[in-house]
Amino acid sequence: MGALKSGAFPVELNGKEYGLLFSLNALDEVQEKFGGYDKLSEVFNKDNPNLFKDTRWLLTLLINEALLAEDENAQLLEEKRVGRLIHAGNLQEVQNAIFKSFYRGTAGDNSDTENENDREETTEEGNRTAVQEN
C-alpha cells in the first residue's frame, strides 16, 4: 500500500486498509485541540468524557493526512463515516494503531523493527488463542 511509502501506519478497518499519518499538520492540530501531543494518553483514558468523540476525530485526521500525502486532491473522509469504522470490538486496536502512527511520525520509520514486533505480538496472540481453545 502507498501508505507505507508515505510513512503512514497501516490499520485494517472493516476489511479495508487505511493509513494513519501523524504529519506535522496533524501534530499541530492535536496540540491545538488537546493542549499538546503529550496529552494523547489522556485522550484515551476511560474517564475522558469525550473518549469516543476524540478517538473518532483523531482517527479521521490521521486517515485524511495519509490520503492527502498520497494525493493532494484525495476525497477526504467525514468523521461520521470514520465513526462507523470504529466499534467496541476494535476500539483498543484503533487506539494502539494511533499510538503506533504517532511513534512512527515522531521517531521516524522503523518498519523493520516494527514488523518484527508485530510478528511477535501476532505469535503471542496466536499462542494465547490456541491455549484458550484447548
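The values are calculated or read from the model by the stated rules, or taken from the named source; none is laboratory data. Treat the numbers as computed from the prediction; the structure is a model and nothing was measured. Using ideal geometry, Cβ is built from the backbone for each residue, glycine included, and neighbour counts are taken over all protein chains shown. Please note that ligands, DNA and RNA were not included when accessible areas were found on the heavy atoms of the full protein model with its side chains. Shrake-Rupley method; radii C 1.70, N 1.55, O 1.52, S 1.80 Å.
Output wanted: per-residue J couplings in Hz (rounded whole) for region 28-39, from phi through Karplus 6.51 cos²θ - 1.76 cosθ + 1.60, θ = phi - 60°, x for Gly and Pro.
5, 5, 5, 4, 5, 6, 10, x, x, 6, 6, 8
Once phi is turned into ³J(HN,Hα) by the Karplus curve 6.51 cos²θ - 1.76 cosθ + 1.60 with θ = phi - 60°, what whole-Hz value does each residue of region 99-106 show in order, with x for glycine and proline?
Going residue by residue, I get 4, 5, 5, 4, 4, 5, x, 9 Hz, with x marking Gly and Pro.
Counting other Cβ atoms within 10 Å, keep those with at most 12, restrict to DSSP loop, and tell me which GluC sites (Glu not before Pro) in region 1-106 are left.
Sites meeting the loop and neighbour criteria: Glu72, Glu78.
Apply the Karplus curve 6.51 cos²θ - 1.76 cosθ + 1.60, θ = phi - 60°, to the phi angles in region 72-80 and return the couplings in whole Hz, x for Gly and Pro.
Karplus values, whole Hz, x for Gly and Pro: 4, 9, 4, 7, 7, 8, 8, 4, 4.
Taking amide H positions as placed in the peptide plane 1.01 Å from N, state which residues far from Leu13 in sequence (5 or more) or on other chains have amide H under 5 Å from it.
Tyr18
Which loop-located trypsin sites (Lys or Arg not before Pro) does region 6-94 contain, where loop means any DSSP state but H, G, I, E or B and the Cβ has at most 15 other Cβ atoms within 10 Å?
In loop regions of region 6-94 (DSSP not H, G, I, E or B), the sparsely surrounded trypsin sites (Lys or Arg not before Pro) are Lys46, Arg84.
What FRET efficiency, computed as 1/(1 + (r/R0)^6) with R0 = 35 Å and r the Cβ-Cβ distance, is obtained for Lys53 and Glu12, rounded to the nearest 0.05?
Efficiency at R0 = 35 Å is approximately 0.95.
Can you work out D for region 9-107 in µm² s⁻¹ from Stokes-Einstein, where Rh is the Kirkwood radius over C-alpha pairs, the temperature is 10 °C and the viscosity is 1.306 mPa s?
118
As a test question: what accessible area, to the nearest 10 Å², does Tyr103 have when a 1.4 Å probe is rolled over all protein chains in place?
110
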